[in-house]
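This report concerns only the one structure given below.
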């Protein structure tokens, strides 16, 4: 298949893996001149990786990249992308907070140099801002660090559309409206349509499906690193888009699940917490022995809720009711989970040391005994628990972190997406342990971004923008319902 | 109204290094009116030029979120090379000094490529520089070349020479780093390295340029120092490491985020250079002087924090 004339970009069979994780599993994608392509998908579907490949910040393992009909697979880089007229506005902001608006414009444009560059850069960015958002009130001499988040987003988007000596064909916008209010977002997207009328192309990534449906010409849906649907925008509606993003498989309730659902009413409540942003009276409730799932898109207040419960359990905060000691299992293992300089045994026992004192000193035999018993229970694969924790594989390190929480006196275990980057075998072992522990009366609050893991939960709360927006018992939970609530629009 | 208040705060924050120095000088003049003369000021700011140059060197490193704990030892080594070779074998001396600058750029490359903590690398390098200096010159000695001695002891009518030199340094570096188009990229590397890399700039190059500039100004600092003392000593500048860090911070810089001010750094260096004199005039024993200098630093930083907090409100 040759490249059609008027095509800006064509990707063929692009694949990219990070270690064992396959982020892109052979993606074909083409963008025509003067087209707005909407790109949607759940967390981890591979959208950001794909955009990084297009922007030149990541190089694919295999596959072809054609820019305006020329094969650029070898030696494609950020500089090459810029020269070919491809720019990307990344989800996390890419401005230097210590520089002014004009200086940040200069960073983007090598051509802005020599005498009077500051005035030229200032004029360039001011004209573009005026065009997108009249009355924006941002001066080119202002330091970016002193602007509001929304203003920074405006500056970054405006900067992506400024032109000096390099051409501009395609701009990738990754969640461009996430920090903007509805009116400003509309102004921005109207501007995008005007740019498209001028023959430029845009890839629009957004979790606001209304934006995608209203402003794109064509919509591409990604799932598990693949393109699973691709149609003109007017052939999609909200429901069919949501359906395309997930597998619509119903999980029939098993008798065991029914039992769990019934038990909900009887067991005593151990956690009751309400988000500070919640405007209605929805709250998170956990009964003894339940596994509670916290679902929704990443970063929508789930971790904050877990931290709120944890802070309450150590008596630091109000706004939550927590019965019994709690333990926190971090998802970001390297920075929050393990003590990298310590042995595996000490990593497991550290939370329980106060209970193992003899004459105010740690009783070494008891510590070793606890480490040994948890090594067997949770199957940590090591010849010696006194080895350094970093001698373990990632999955086994995470098991040690689990053992630290499960071996403690905690009755409530808070889990902050703990299975990130853990292999499937380890995951299945941990799931079994969780169920066994829940049966003995432990309560789990489990934030997860993986749909499959929600099947292990008795009750699911879906979060959006820091609030609980849906409250689903296990037997009513479907992937479609969770996606629906995660992507619902506030307007 | 609020914009004006914000502007005033911003102005106040920028003016703080200058205000600090002015207060210090007024205090010196009150205690010792004789100091208010060309001779007095020349004496007070005698060592201000090498300290200011070392502070600028440190500022380049701090601007890219690193810290240089070896600048003092490096300046000492430069005085040894200069004292030993420049008067007799100038070509060899110049070659060795250029080699020193190249070594600094290489350290920057190493820190960037291996993602090493600069504190550890430069702490290690400080022993290397000091060791080399002691090998070259086991006991203080050597001789400053005449032209250098002449330059550093230049007599200008009306204005003390160190003040003119400090002004020239401040204006030149301010223009190069704060107003040139490549200076923006260099400072951006400290503010958000990822953003700079995504715009297609080489972080390796910016780090090497900044460390290379630090080496260059370290060499200039050592040359100006031996021009003043006329004899070299491996340990002559050991205190410069802390002076330079304090000078950058006093001058409005921050340890992270690419926030630096060359003019402020020079003012900070002048403040530190003259603080010892004030403490001397106040009859504070030398044992307490370092502590008192630390106290001045804390007071200024507290003031800055208070101004910034007010701006946020």
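Considering (1) closer than 28 Å to residue B:193 by Cα; (2) free of Cβ contacts under 8 Å to residues at least 40 places away in the same chain, the lone condition that residue B:69 does not fulfil carries the number (2).
Quick check on my filter: what residues within the stretch A:155-186 are part of a helix (DSSP H, G or I) and modelled with pLDDT of 90 or more?
From the stretch A:155-186, those part of a helix (DSSP H, G or I) are A:155-160, A:182-186; that's our starting set.
Listed by number, the residues that qualify are A:155, A:156, A:157, A:158, A:159, A:160.
The conditions of being in a helix (DSSP H, G or I) and either within 14 Å of chain A (Cβ to nearest Cβ) or under 30 Å from residue A:160 (Cβ atoms) (or both) are not met by residue B:227.
Scanning the stretch A:117-148 for residues that are surrounded by fewer than 18 Cβ atoms within 10 Å (Cβ to Cβ) and in a helix (DSSP H, G or I) yields A:119, A:123, A:127, A:130, A:131, A:145, A:146.
Of all the residues in the stretch B:103-149, those that are within 18 Å of residue B:87 (Cα to Cα), touching a residue at least 12 places away in the same chain (Cβ under 8 Å) and assigned to a helix (DSSP H, G or I) number 5.
What do you reckon, is residue B:188 more than 14 Å from chain A (Cβ to nearest Cβ), more than 27 Å from residue B:38 (Cβ to Cβ), surrounded by 15 or more Cβ atoms within 10 Å (Cβ to Cβ) and touching a helix residue (DSSP H, G or I) at 6+ places or on another chain (Cβ under 7 Å)? Working first, answer last.
Working: more than 14 Å from chain A (Cβ to nearest Cβ): no; more than 27 Å from residue B:38 (Cβ to Cβ): yes; surrounded by 15 or more Cβ atoms within 10 Å (Cβ to Cβ): yes; touching a helix residue (DSSP H, G or I) at 6+ places or on another chain (Cβ under 7 Å): yes.
Here the answer is no, as residue B:188 does not meet what is asked.
Kindly establish whether residue B:200 is touching a helix residue (DSSP H, G or I) at 6+ places or on another chain (Cβ under 6 Å), surrounded by fewer than 24 Cβ atoms within 10 Å (Cβ to Cβ) and not in a helix (DSSP H, G or I). Here the answer is yes, as residue B:200 does meet what is asked.
Somewhere in the stretch A:353-361, is a residue surrounded by fewer than 19 Cβ atoms within 10 Å (Cβ to Cβ) and under 36 Å from the mean Cα position of the chain (by Cα)? Spell out the reasoning first.
Of the stretch A:353-361, the ones surrounded by fewer than 19 Cβ atoms within 10 Å (Cβ to Cβ) are A:353-361.
In the following step, the residues that additionally are under 36 Å from the mean Cα position of the chain (by Cα) were identified as A:353.
Yes; the residues of the stretch A:353-361 include at least one that is surrounded by fewer than 19 Cβ atoms within 10 Å (Cβ to Cβ) and under 36 Å from the mean Cα position of the chain (by Cα).
Here residue A:134 fulfils each of the conditions (1) away from every other protein chain (no Cβ under 12 Å); (2) touching a helix residue (DSSP H, G or I) at 6+ places or on another chain (Cβ under 6 Å); (3) farther than 14 Å from residue A:179 by Cβ apart from (2).
Is the stretch B:194-202 home to any residue that is within 22 Å of residue B:248 (Cα to Cα) and facing chain A (nearest Cβ under 10 Å)?
Pass one, the stretch B:194-202, residues within 22 Å of residue B:248 (Cα to Cα): none.
No, that holds for no residue.
Report whether or not residue B:232 is buried (at least 20 other Cβ atoms within 10 Å of the Cβ), away from every other protein chain (no Cβ under 14 Å) and either under 24 Å from residue B:139 (Cα atoms) or touching a strand residue (DSSP E or B) at 6+ places or on another chain (Cβ under 6 Å) (or both). Yes; evaluated as a whole, the condition is true for this residue. For the stretch B:279-297, the count of residues that are in contact with a helix residue (DSSP H, G or I) (Cβ under 9 Å, 6 or more places away or on another chain), at pLDDT 85 or above and closer than 30 Å to residue A:95 by Cβ is zero.
Residues in the stretch B:174-184 that are touching a helix residue (DSSP H, G or I) at 6+ places or on another chain (Cβ under 6 Å) and either within 11 Å of chain A (Cβ to nearest Cβ) or crowded, with 24+ Cβ neighbours inside 10 Å (or both): B:181, B:183, B:184.
Results for (1) at pLDDT below 90; (2) crowded, with 16+ Cβ neighbours inside 10 Å; (3) under 29 Å from residue A:143 (Cα atoms), shown as yes or no for each residue.
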residue	(1), (2), (3)
B:106	no, no, no
B:117	no, no, yes
B:122	no, yes, no
B:161	no, yes, no
B:172	no, no, yes
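For the stretch A:83-93, the criterion of a residue being out of contact with any strand residue (DSSP E or B) (no Cβ under 7 Å at 6 or more places or on another chain), under 25 Å from residue A:126 (Cα atoms) and in a loop (DSSP other than H, G, I, E, B) is satisfied by at least one position. Looking at (1) within 12 Å of another protein chain (Cβ to nearest Cβ); (2) crowded, with 18+ Cβ neighbours inside 10 Å; (3) part of a loop (DSSP other than H, G, I, E, B); (4) out of contact with any helix residue (DSSP H, G or I) (no Cβ under 8 Å at 6 or more places or on another chain), which is the one condition that is false for residue A:52? With (1) within 12 Å of another protein chain (Cβ to nearest Cβ); (2) crowded, with 18+ Cβ neighbours inside 10 Å; (3) part of a loop (DSSP other than H, G, I, E, B); (4) out of contact with any helix residue (DSSP H, G or I) (no Cβ under 8 Å at 6 or more places or on another chain) applied to residue A:52, the lone miss is (3). Of the residues making up the stretch A:71-111, those that are over 20 Å from residue A:49 (Cβ atoms), buried (at least 24 other Cβ atoms within 10 Å of the Cβ) and at the interface with another protein chain (Cβ under 9 Å from one of its Cβ atoms) are A:95, A:96, A:99, A:103, A:104, A:106, A:107, A:108.
All conditions in (1) within 22 Å of the chain's Cα centre (by Cα); (2) farther than 21 Å from residue A:291 by Cα hold for residue A:372, with the sole exception of (1).
Kindly indicate whether residue A:386 is in contact with a strand residue (DSSP E or B) (Cβ under 6 Å, 6 or more places away or on another chain), touching a residue at least 24 places away in the same chain (Cβ under 8 Å) and farther than 30 Å from residue A:458 by Cβ.
On the way: in contact with a strand residue (DSSP E or B) (Cβ under 6 Å, 6 or more places away or on another chain): yes; touching a residue at least 24 places away in the same chain (Cβ under 8 Å): yes; farther than 30 Å from residue A:458 by Cβ: yes.
So residue A:386 passes the test.
Of B:273, B:237, B:269, B:265, all but one fail to be crowded, with 23+ Cβ neighbours inside 10 Å, more than 14 Å from chain A (Cβ to nearest Cβ) and assigned to a loop (DSSP other than H, G, I, E, B); the exception is B:237.
The values are calculated or read from the model by the stated rules, or taken from the named source; none is laboratory data. Remember, predicted model here, so these are calculated numbers, not experimental data. Every residue, glycine as well, gets a Cβ built from its backbone with ideal geometry; the counts of neighbours run over all protein chains shown.
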